[in-house]
Amino acid sequence: MGDLIRDVRYGARALLRSKAFALTVILTLAVCIGANSATFAIVSSVLLKPLPVPDADRILLMANRYPNAGASNIMESAAGDYYDRLDAVSTYQEQAMFDFASETLHVDGAPERIEAMLATPSLFRLLGVAPALGRAFSDDEGEVGAEQKVILSHGLWQQLYGGDPNVMGRDLRISGRPYTIVGVMPRGFVFVNSEVRLWRPLAFTPEQKQAHHNNNWYSIGRLKPGATLAQAQSQVDALNKANLERFPEWKELVVNAGFHTKVMPLQEMIVGDVRGILYLLWGGAVFVLLIGALNIANLALVRLTLRRKELATRMALGAQRMQILRQFVVENVLLTLTGGIAGVAAGAALLKALATYGLERLPRANEIQVDGTVVLAALSMAVAVGLLVGCLPLAQSWRVNLSGLLNAEGRGGAGGRATSRIRQSLVVAQIGFAFVLLVGVGLLLVSFRQLLRVDPGFNSEGVLTASTRLPEARYPGNAEVRGFVNRSLDAIRLTPGVTSASITSNIPFSGSQNANVILAEGYVMEPGESVVAPNQLVVSPGYFETIGIELVSGRYFESRDDENGPPVVIVDERLASKFWPGQNPLGWRMHRGGEGGDLLHTDEKTRWLTVVGVVRSIRLENLDGADSPVGAYYFSHPQEPWRGFSFAIKTGGDPSRLAAPLRAAISSVDPELALFNVQTMAERSELSLSSRRAALLLAGGFGVVALFLSALGIYGVLAYQVTQRRREIGIRVALGSTAAGIVKLVVREGLLLAAVGLAIGIGGTFALRKVVENEIYGVGAMDPFVVGGVVLLLGAVALAASVFPARRAIRVQPIRVLNQQ
């Protein structure tokens, strides 16, 4: 321990004598480790950290999939599946179902939207988490008629009751219905969605318990000790196979649709959409660290060259080689640890900055922080760099010639060719890493620009949106729902500045979807062909005009398309081309199956809908083309009333100014109804790209750092070589070499280093193309314009970095150099 303390003190004094070197290393590491700390904090919190419940890795999600029907990304199951699995899947020690709902509470006298979770009473047993106060739901409270109980989050309990422990048994009105408080969850409890603030029992009717392929709930199970995901998947597959025989009327349909149930870790439900881009960003941050480490190693080589005589003197006086090696390692680790600490602080600051650019849109965003794991990882990276720069430079100096070093001039050529080759190799590696990183940044930039150019199929200018849900307690039937919609739209249309107003069950970029099977009259399915499940939307007359969806043929919905008019439907171009390729779909009829849900057959009870219009296909979920491949169809809201919907309001001015008048208009119709997600359509479009924008900004920062460090590396190597070759350059000038020839000599070496690095980088980019192609849109992973642009950029940087050493070279005075010993 005494030797270590002595080495630390000696290293600190040595670093104080080399302030420029120490400051450069600390700043370089602060930037590189800061980038890694911020990125790793995101990856660790979102992807690597288990969900905050006991043994979260044993909780699996069962998701029904129908890829041939265009429904390959759903995460839900049917209630009938849940009850079947309770008996048939023995690998689980507990199973549960849950879903989310928006409820209305009165907080401080005003209606407020609260996110709720509806869950079977088994959920809390499955999670292994009990309420901090009161109790969990009992099994009999999961039956229809006994389900009006509620468990509050700790935050909602504090907000509504000030932390009063005597709330058990009190009634709380939720969306107009009384619920009895039976429990309060522990502080900080989060499961899947951090916005959930209360839990209600999920109760199914006898009909729902028998229903299959009506996928509206999330079905999860906790594995028994020793059971595996593969075993659970096998048992679920066996149950599905048995159900095909049990329900032969569904067999052909579901087989043709490619039906299967994917069993996966629950965390996949939360992070599946962002996993690829986050790992890609983490890889970029690691590349930045590697480039920075190589740059520091280059600096350390220069410093070692200047200290070689000191090294030889100490060895001549009896110092052991291992003692000197330990001293250098301690000195460098001390330096890089300081840079690591600065990097942790820089990473925390970077996370705060990213919070304003879409970081909060990531799953589990509330958990993202620089915690102990991130600090440990950052300091470990710093120690690794310290070991690298402490050991690698010494490797080439292990067999030193003491007499030669002691007789050499301190400023002269003690570096040798070995040092030059090592430094050149480090720069080549830097350029290769920088090339791969910059190509990735370029692809993300081009992809983002392509997304900005995507035509969503509607006009977002001047449109304000707001969502609400009508509670069944006050709006029990379709007539009441229609009445509210009519009164609220009339009130909104009277607001100054409003040019049109309408509603829709699914506003674009809301993050929700509703895919349902629909069939066309006269359409003959090929053998083995699957039914399709397009996006289903319910809109009021005037919606298409409000949001600017172009009419291709026919007409929009009109006031006559009410509950007394003949049922009608509007389809988009994609769905029209599916059912009526090359034909006019107007006047054709569509249906959703006959009595009992038999989709392929019709009877006297089949509800036929006449196609009255064809509209442009729009982007509902996002701009990157991930929407339903089979299109969408629209019902008229008066004919298909919908409780949860969004207003779409058009104005000729700034739509954000309508937010307050909109709330006032809705309050005049129902003062107890809460509005939420009040946003302009332009804001929704922006938010749909916010996570990509944050990723692009982060990657762009990585690219700038990589470019700067690569330029420094090239400059440093060439400047070093000019210093080492002063005598050779003097002789060349004395023998008649021109300034242009000397410049050409130096620049050629710089460009040669860049060329070798670029060749390595192109190979690396080609090897990694599969990693990036799934995270970009509208551009290939080896796009020639991006690759060519990065080649030109790095070539220009290499040329610029070569010019300054070349200018120093032409200033060499032959007489002075040749007279030096």
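The values are calculated or read from the model by the stated rules, or taken from the named source; none is laboratory data. Computed from a predicted model, the values in this text were never measured in an experiment. Virtual Cβ from ideal backbone geometry, glycine too; neighbours counted across all protein chains shown. The accessibility values were calculated without ligands, DNA or RNA, using every heavy atom of the protein model including side chains. Shrake-Rupley method; radii C 1.70, N 1.55, O 1.52, S 1.80 Å.
Here are some notes:
- Check on Asn243, more than 15 Å from Leu266 (Cβ to Cβ) and part of a loop (DSSP other than H, G, I, E, B): no
- Within the range 181-211, the residues that satisfy the criterion of being within 29 Å of Gln513 (Cα to Cα), in a loop (DSSP other than H, G, I, E, B) and open to solvent by 50 Å² or more (accessible area, probe 1.4 Å) are Ser194, Glu195.
- For Leu61, the criteria (1) farther than 30 Å from Val532 by Cβ; (2) open to solvent by less than 40 Å² (accessible area, probe 1.4 Å); (3) at pLDDT 90 or above hold in every case but one, which is (1).
- Filtered residues of the range 145-155 (kept if within 19 Å of Ser102 (Cβ to Cβ), open to solvent by less than 50 Å² (accessible area, probe 1.4 Å) and not in a strand (DSSP E or B)): Glu147, Ser153, Gly155
- Any hit, the range 21-33, residues being aromatic (Phe, Trp, Tyr), more than 21 Å from the chain's Cα centre (by Cα) and farther than 30 Å from Phe259 by Cα: yes
- Val129 being over 17 Å from Arg197 (Cα atoms) and out of contact with any Lys or Arg (no Cβ under 7 Å at 6 or more places or on another chain): no
- Qualifying residue in the range 156-172 (condition: touching a Leu at 6+ places or on another chain (Cβ under 7 Å) and open to solvent by less than 50 Å² (accessible area, probe 1.4 Å)): yes
- A residue that is modelled with pLDDT of 75 or more, closer than 30 Å to Asp624 by Cα and of a type outside the set (Lys, Arg) occurs somewhere in the range 792-812.
- Every listed requirement among (1) touching a Pro at 6+ places or on another chain (Cβ under 7 Å); (2) surrounded by fewer than 20 Cβ atoms within 10 Å (Cβ to Cβ) is met by Pro508 save one, (2).
- Residues within the range 532-570 that are closer than 23 Å to Arg607 by Cβ and over 32 Å from the mean Cα position of the chain (by Cα), tallied: 19
- Of the residues making up the range 746-775, those that are surrounded by fewer than 22 Cβ atoms within 10 Å (Cβ to Cβ) and farther than 16 Å from Leu438 by Cα number 8.
- Arg113 vs. criteria farther than 25 Å from Arg643 by Cβ, among the basic types (Lys, Arg) and open to solvent by 10 Å² or more (accessible area, probe 1.4 Å): no
- With respect to the conditions (1) at pLDDT below 95; (2) touching a Lys or Arg at 6+ places or on another chain (Cβ under 8 Å); (3) among the β-branched types (Val, Ile, Thr), Val107 falls short on a single one, namely (2).
- Qualifying residue in the range 119-136 (condition: touching a Leu at 6+ places or on another chain (Cβ under 8 Å) and open to solvent by 30 Å² or more (accessible area, probe 1.4 Å)): no
- Flag not set for Glu461, criterion: of a type in the set (Asp, Glu), assigned to a helix (DSSP H, G or I) and either open to solvent by 10 Å² or more (accessible area, probe 1.4 Å) or in contact with a helix residue (DSSP H, G or I) (Cβ under 8 Å, 6 or more places away or on another chain) (or both).
- For Asn214, the conditions (1) modelled with pLDDT under 90; (2) open to solvent by less than 60 Å² (accessible area, probe 1.4 Å); (3) within 30 Å of Lys241 (Cβ to Cβ) are fulfilled apart from (2).
- Strands (runs of 3 or more DSSP E) contained entirely in the range 56-144, each with at least 3 residues that are aromatic (Phe, Trp, Tyr) and under 30 Å from Ala515 (Cβ atoms): 92-107
- When the range 611-655 is limited to residues that are of a type in the set (Gly, Ala, Ser) and in a loop (DSSP other than H, G, I, E, B), the one that is most open to solvent (accessible area, probe 1.4 Å) turns out to be Gly652.
- For Pro178, the conditions (1) over 20 Å from Arg113 (Cα atoms); (2) open to solvent by 40 Å² or more (accessible area, probe 1.4 Å); (3) without any contact (Cβ under 8 Å) to a residue 60 or more places away in the chain all hold with the exception of (1).
- Every pair of residues 6+ apart whose Cβ atoms lie under 7 Å, when the first sits in the range 543-566 and is over 11 Å from Arg616 (Cβ atoms) and open to solvent by less than 40 Å² (accessible area, probe 1.4 Å) while the second is part of a strand (DSSP E or B) and charged (D, E, K, R): Thr546/Lys650
- Scanning the range 541-588 for residues that are of a type in the set (Ser, Thr, Tyr) and touching a helix residue (DSSP H, G or I) at 6+ places or on another chain (Cβ under 9 Å) returns Ser553, Tyr556.
- Failed condition for Leu443, given (1) open to solvent by less than 30 Å² (accessible area, probe 1.4 Å); (2) aliphatic (A, V, I, L, M); (3) assigned to a loop (DSSP other than H, G, I, E, B): (3)
- Lone unmet requirement of (1) at pLDDT below 85; (2) assigned to a helix (DSSP H, G or I) for Leu290: (1)
- Residue within the range 482-505 that is in contact with a Lys or Arg (Cβ under 8 Å, 6 or more places away or on another chain), surrounded by 22 or more Cβ atoms within 10 Å (Cβ to Cβ) and either farther than 12 Å from Lys650 by Cα or basic (Lys, Arg) (or both) present: no
- Scanning the range 251-279 for residues that are aliphatic (A, V, I, L, M) and open to solvent by less than 40 Å² (accessible area, probe 1.4 Å) turns up Leu253, Val254, Ala257, Val263, Met264, Leu266, Met269, Ile270, Val271, Val274, Ile277, Leu278.
- Criterion: out of contact with any Phe, Trp or Tyr (no Cβ under 9 Å at 6 or more places or on another chain), open to solvent by less than 50 Å² (accessible area, probe 1.4 Å) and in a helix (DSSP H, G or I) - qualifying residue of Leu696, Leu658: Leu658
- Failed item in (1) closer than 30 Å to Phe124 by Cα; (2) assigned to a helix (DSSP H, G or I); (3) open to solvent by less than 30 Å² (accessible area, probe 1.4 Å), with Ala230 passing the rest: (3)
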